[in-house]
Structures are given as C-alpha cells and as structure tokens.
Amino acid sequence: RTPSYHYLFSHPLPGDDSGAFHGCEHGYVFQTLLRNWRPFTARDYELSNRICDYWSNFMKTGNPNGEGLAEWTSYTEESPC
C-alpha cells in the first residue's frame, strides 16, 4: 500500500472577505501569485514556496517531505489529519 497525504488549505486570500475557498490554493501551488490582482505579502510568497516544495517532492518521490520542511504525516485511520 502507498501512503496517502491529505491537506486542508485554510489560508484566506488577501483583498476581500472571501476567505479560503475551493481552488484558492492554485496560485500558491503553481506559483502564479504575481499574475493576480490580490495584495499578496511576503508571507504569501513564502507559503507558495513551501507548498511548491511539498508538491514537487510528492511528484518526484511519492512523499511530500523533504529537507527543511515540517513533517507532513500520511493519512491513517488512527491519524486522519
């Protein structure tokens, strides 16, 4: 069996009161924040870099974890989040 990794993106986007909605993480994942009208801050760009590192590691190895990143535990029945 291959481990499964889940995530919940709850970071609200700046610029209005929409909050974190379905698909709002795409600009972070694909590092396209500069192509958006929202007033992103240095914190947003750091978050985008971290997310991209996790996703890139997962695509390369099947595991999102890597050097310098906080541990992303796999989904289990005992630890679903």
(request) Find the relative contact order for the chain and round it to a whole percent, using C-alpha pairs within less than 8 Å whose residues are 6+ positions apart. (result) 30
(request) Show the residues, 5+ positions off or on another chain, whose built amide H is closer than 5 Å to the amide H of Tyr75. (result) Ser4, Tyr5, His6
(request) Apply 1/(1 + (r/R0)^6) to the Cβ-Cβ distance of Ala70 and Arg38, taking R0 = 30 Å, and write down the FRET efficiency to the nearest 0.05. (result) 0.75
(message) Can you tally the net charge around Cys24? Count Lys and Arg as +1, Asp and Glu as -1, for every other residue whose Cβ sits under 14 Å from the Cβ of Cys24.
(response) -3
(message) What does the net charge come to around Gly68 if you take all other residues with beta carbon closer than 14 Å to its beta carbon, with K and R at +1 and D and E at -1?
(response) -3
(request) Would you indicate which of (i) -0.50, -0.99, -1.14; (ii) -0.26, -0.88, -1.18; (iii) -0.34, -1.03, -1.27 is the value of log10 I(q)/I(0) by the Debye sum over Cα atoms at q = 0.11, 0.21, 0.25 Å⁻¹ derived from the coordinates of this structure? (result) (iii)
(message) Using only Cα atoms and rounding to the nearest 10 degrees, what angle (0 to 90) does helix 42-61 make with the longest principal axis of the chain?
(response) 30
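Since every read-out is calculated from the coordinates, none of them should be taken as a lab result. Bear in mind that the values here come from a model prediction, so they are computed numbers and not experimental data. Quick reminder, even Gly has a Cβ in these numbers, built from the backbone with ideal geometry, and neighbours come from all protein chains shown.
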